[in-house]
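Enquirer: First the structure, which I've put down as structure tokens, then a few questions once you've had a look.
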Amino acid sequence: MRPLPPPVLPDHSPQTHPRHYCGLFGVYGHPRAAELTFYGLYALQHRGQESAGIVACRDNRFHVHRGMGLVPQVFNSDILERLPGPMAIGHTRYSTTGDSHPRNAQPLTAEGLGGPVAVAHNGNLTNAARLRAELERQGAIFQTTTDSEIILHLLSHPANGSREPALSRAIRHLQGAFSLLLMTHRELIGIRDPHGFRPLSLGRIRLEDGRKAWVLASETCAFDLIEAEHVRDVDPGEAVIIDENGPHSVQLFPEHRRRAFCIFEYVYFARPDSIISGRNVHQVRVAMGRQLAREHPRKADIVVPIPDSGNCAALGYSLESGIPFEMAFVRNHYVGRSFLQPSELIRHFNVRVKLNLIADLVRGRRVVVVDDSIVRGNTCRQRVTNLKEAGAKEVHVLVSCPPHQHPCYYGIDFPQRSQLMAAQHSLEEIRKFLRADSLGYLSQEGMVEATGLSPDSFCMACYDGCYPVACEEPVRKEAMEDRAVAPWTLGRELIEADRQRRLF
């Protein structure tokens, strides 16, 4: 297999859009499991662009490759050939707990009494600091600064007389958001937290000899690329255990009823071609755009999306309002993740290099601009400036979700509340800052209505501050790096003990 070209990815800076945590993909029962996992991660690249890794299993041995960068930068044909076996799990990461460092690349692996185990994690544990401190007091030594490693330690923790299976005992210690893939030398396991914050789906591949291979992925768009059949979503609180007898389902939290799927997956994170809870993401976003048009009608000549995240909602706004849709912003899909900063040589270079405006489409016209969110507001302000400099008569900014006023503790790298524009300023103050002629946000009720699901299905804490799971302490990416710990004094302690022994 020849190396694939780099995927076409949206390259939003942290100031433009919030970042997500990770993408998960696993395969059981396919002779080229690692290669399928590579393609699955390729399809999930939008969920994390810092590092990627695959762990494959053959003959009770794990074969591991992890690295920093995009999936096709980390893997090639030669590397995939060194990852043999019919079972594999993969991970593509953006860090929300633990810094961007090779040691934090996943999947993580460990050797226990029962043999090797690998874990890949999407989400944030809200009790990570306490769990890690407790484990360290009991003698645990950590190799990473990511909360995901806590899961490996809990799996190997002594039962202390408990008859509860090790897996459920470990999982029931966790709080917060976690979709997990676990792999031993005999089984592949997918687990969602009882609230179901992050997505996870089960798929099936029919092999030529009539057998079935099974796949687990964060989003169904990964199934489409490898021609797998989408079977169903993994339920909140469910463990799907796949072994030689096929999938088995175990509900780890039968007493739990509250559901809290992250609604921002529908708004922004998930790919438009994915299906979540039976709803196509593109159609949900179009419905959000239609609802936005009903809530915020404007007299305008054209509707313009901010590519690519605003495309679907802008289309919905156009269909509902009857105002023509125009792709006035053109995205440069070949912008890398880093490039030279040109100081004042090219004004607003960072904005213009990603999106360029077709001035003839907006000159002398009233423009409705649709985007999925405004975080700090700096980039949106520059877009409005671009439009007015190009001769737009009016610029109306409309957003296909409510204002973000609270940080996320469950796996989205939202800024602190002090950095969220809508948390600090009124609607009119934001409009003036953006230099827009008008500004409108989709209501929370309208956003939920567009999904076709019940309001109690979702976590909307970043909008309303109602957190389904309490956070024991503020969650920051650097929390594990910044912990105050006493430095090792192993030699000094030994010398002191020896001195005391000699005295007596």
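Enquirer: Looking at residue 129, is it among the aliphatic types (A, V, I, L, M), exposed (fewer than 15 other Cβ atoms within 10 Å of the Cβ), modelled with pLDDT of 90 or more and over 19 Å from the mean Cα position of the chain (by Cα)? Full working, then the answer.
Expert: Working: among the aliphatic types (A, V, I, L, M): yes; exposed (fewer than 15 other Cβ atoms within 10 Å of the Cβ): no; modelled with pLDDT of 90 or more: yes; over 19 Å from the mean Cα position of the chain (by Cα): yes.
No; evaluated as a whole, the condition is false for this residue.
Enquirer: Just checking, does the range 402-416 include any residue being farther than 29 Å from residue 178 by Cα and among the charged types (D, E, K, R)? Walk me through how you get there before you give the answer.
Expert: Restricting attention to the range 402-416, the residues satisfying the condition of being farther than 29 Å from residue 178 by Cα are none.
No, because not a single residue in the range 402-416 is farther than 29 Å from residue 178 by Cα and among the charged types (D, E, K, R).
Enquirer: Has the range 414-436 got any residue that is farther than 20 Å from residue 301 by Cβ, touching a residue at least 60 places away in the same chain (Cβ under 8 Å) and aromatic (Phe, Trp, Tyr)?
Expert: yes
Enquirer: Within the range 325-339, restricting attention to residues that are loosely packed, with under 15 Cβ neighbours inside 10 Å and modelled with pLDDT under 95, which residue is nearest to the chain's Cα centre (by Cα)? Please lay out each step first, then the result.
Expert: Step one: filter the range 325-339 for residues loosely packed, with under 15 Cβ neighbours inside 10 Å, giving 327, 330, 332-334, 336-339.
Add one more test, that the residue is modelled with pLDDT under 95, and what stays is 330, 332-334, 336-339.
Numbers: 330: 26, 332: 23, 333: 21, 334: 22, 336: 20, 337: 18, 338: 21, 339: 24 Å.
Here the answer is 337.
Enquirer: Specify the residue that is surrounded by the fewest Cβ atoms within 10 Å (Cβ to Cβ); the eligible residues are those in the range 42-53 that are polar (S, T, N, Q) and not in a strand (DSSP E or B).
Expert: Among those residues, the one meeting the criterion is 45.
Enquirer: Find all pairs meeting these conditions: Cβ atoms under 8 angstrom apart; at least six residues apart or on different chains; first residue within the range 134-145 and assigned by TED's automatic domain parsing to the domain that holds residue 104; second residue at pLDDT below 90 and acidic (Asp, Glu).
Expert: 145/99; 145/481
Enquirer: What is the number of the single condition among (1) over 27 Å from residue 412 (Cβ atoms); (2) surrounded by 15 or more Cβ atoms within 10 Å (Cβ to Cβ); (3) polar (S, T, N, Q) that residue 160 does not meet?
Expert: Among (1) over 27 Å from residue 412 (Cβ atoms); (2) surrounded by 15 or more Cβ atoms within 10 Å (Cβ to Cβ); (3) polar (S, T, N, Q), residue 160 violates only (2).
Enquirer: Let me ask something else about it. Confirm whether residue 22 is modelled with pLDDT under 95, closer than 21 Å to residue 184 by Cβ and surrounded by 15 or more Cβ atoms within 10 Å (Cβ to Cβ). Spell out how you get there, then give the answer.
Expert: Numbers: modelled with pLDDT under 95: yes; closer than 21 Å to residue 184 by Cβ: yes; surrounded by 15 or more Cβ atoms within 10 Å (Cβ to Cβ): yes.
Yes, satisfied.
Enquirer: Taking residue 174, is it more than 25 Å from residue 60 (Cα to Cα) and in a loop (DSSP other than H, G, I, E, B)? Write out each step before concluding.
Expert: Working: more than 25 Å from residue 60 (Cα to Cα): yes; in a loop (DSSP other than H, G, I, E, B): yes.
In short, yes.
Enquirer: Quick one: how many residues across the range 272-293 are of a type in the set (A, V, I, L, M), more than 18 Å from the chain's Cα centre (by Cα) and under 23 Å from residue 45 (Cβ atoms)? Give the derivation first.
Expert: Step one: of the range 272-293, the residues of a type in the set (A, V, I, L, M) are 275-276, 281, 284, 286-288, 292-293.
Still in the running and more than 18 Å from the chain's Cα centre (by Cα): 284, 286-288, 292-293.
Those left that are additionally under 23 Å from residue 45 (Cβ atoms): 284.
Residues meeting the conditions: 1.
Enquirer: On to the next question. For residues that are in contact (Cβ under 8 Å) with a residue 40 or more places away in the chain and surrounded by 18 or more Cβ atoms within 10 Å (Cβ to Cβ), tally how many sit in the range 285-307. Before you say what the answer is, go through the steps one by one.
Expert: Of the residues in the range 285-307, the ones in contact (Cβ under 8 Å) with a residue 40 or more places away in the chain are 285, 287-292, 294-296, 298-307.
Adding the requirement that they be surrounded by 18 or more Cβ atoms within 10 Å (Cβ to Cβ) leaves 285, 287-292, 296, 298, 300, 302-307.
Within the range 285-307, residues that are in contact (Cβ under 8 Å) with a residue 40 or more places away in the chain and surrounded by 18 or more Cβ atoms within 10 Å (Cβ to Cβ) number 16.
Enquirer: Since residue 322 meets every condition but one in (1) under 24 Å from residue 445 (Cα atoms); (2) small (Gly, Ala, Ser); (3) modelled with pLDDT under 90; (4) surrounded by fewer than 21 Cβ atoms within 10 Å (Cβ to Cβ), which condition does it not meet?
Expert: So the condition that residue 322 fails would be (3).
Enquirer: Now a separate question. May I ask you to list the residues in the range 202-218 that are closer than 20 Å to residue 55 by Cβ and either touching a residue at least 60 places away in the same chain (Cβ under 8 Å) or acidic (Asp, Glu) (or both)?
Expert: 205, 213, 214, 215, 216, 217, 218
Enquirer: Got at least one residue in the range 388-403 being assigned to a loop (DSSP other than H, G, I, E, B), within 13 Å of residue 305 (Cβ to Cβ), within 22 Å of the chain's Cα centre (by Cα) and assigned by TED's automatic domain parsing to the domain that holds residue 353? Explain how you work it out, then say what you get.
Expert: Step one: of the range 388-403, the residues assigned to a loop (DSSP other than H, G, I, E, B) are 390-393, 400-403.
Now narrow it down to the ones that are within 13 Å of residue 305 (Cβ to Cβ): 400.
Now restrict to residues that are within 22 Å of the chain's Cα centre (by Cα): 400.
Next cut, assigned by TED's automatic domain parsing to the domain that holds residue 353 only: 400.
Among the residues of the range 388-403, at least one is assigned to a loop (DSSP other than H, G, I, E, B), within 13 Å of residue 305 (Cβ to Cβ), within 22 Å of the chain's Cα centre (by Cα) and assigned by TED's automatic domain parsing to the domain that holds residue 353, which makes the answer yes.
Each row is one residue, and each column tells you yes or no for (1) over 16 Å from the mean Cα position of the chain (by Cα); (2) modelled with pLDDT of 95 or more; (3) buried (at least 24 other Cβ atoms within 10 Å of the Cβ); (4) aliphatic (A, V, I, L, M).
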position: 89; (1), (2), (3), (4): yes, yes, yes, yes
position: 93; (1), (2), (3), (4): no, no, yes, no
position: 101; (1), (2), (3), (4): yes, no, no, no
position: 111; (1), (2), (3), (4): yes, no, no, no
position: 118; (1), (2), (3), (4): yes, yes, yes, yes
position: 121; (1), (2), (3), (4): no, yes, yes, no
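Enquirer: Say we look at the range 351-384 and pick out the residues that are among the polar types (S, T, N, Q) and over 24 Å from the mean Cα position of the chain (by Cα); which of these is surrounded by the fewest Cβ atoms within 10 Å (Cβ to Cβ)? Even if it seems obvious, please write down each step before you answer.
Expert: Residues of the range 351-384 among the polar types (S, T, N, Q): 356, 373, 378-379, 382.
From what's left, over 24 Å from the mean Cα position of the chain (by Cα): 356, 382.
Details: 356: 14, 382: 18.
It comes out as 356.
The values are calculated or read from the model by the stated rules, or taken from the named source; none is laboratory data. Quick caveat: nothing in here was measured; it's all calculated off a predicted structure. Please note: Cβ atoms are built from the backbone with ideal geometry, for glycine as well, and neighbour counts cover all protein chains shown.
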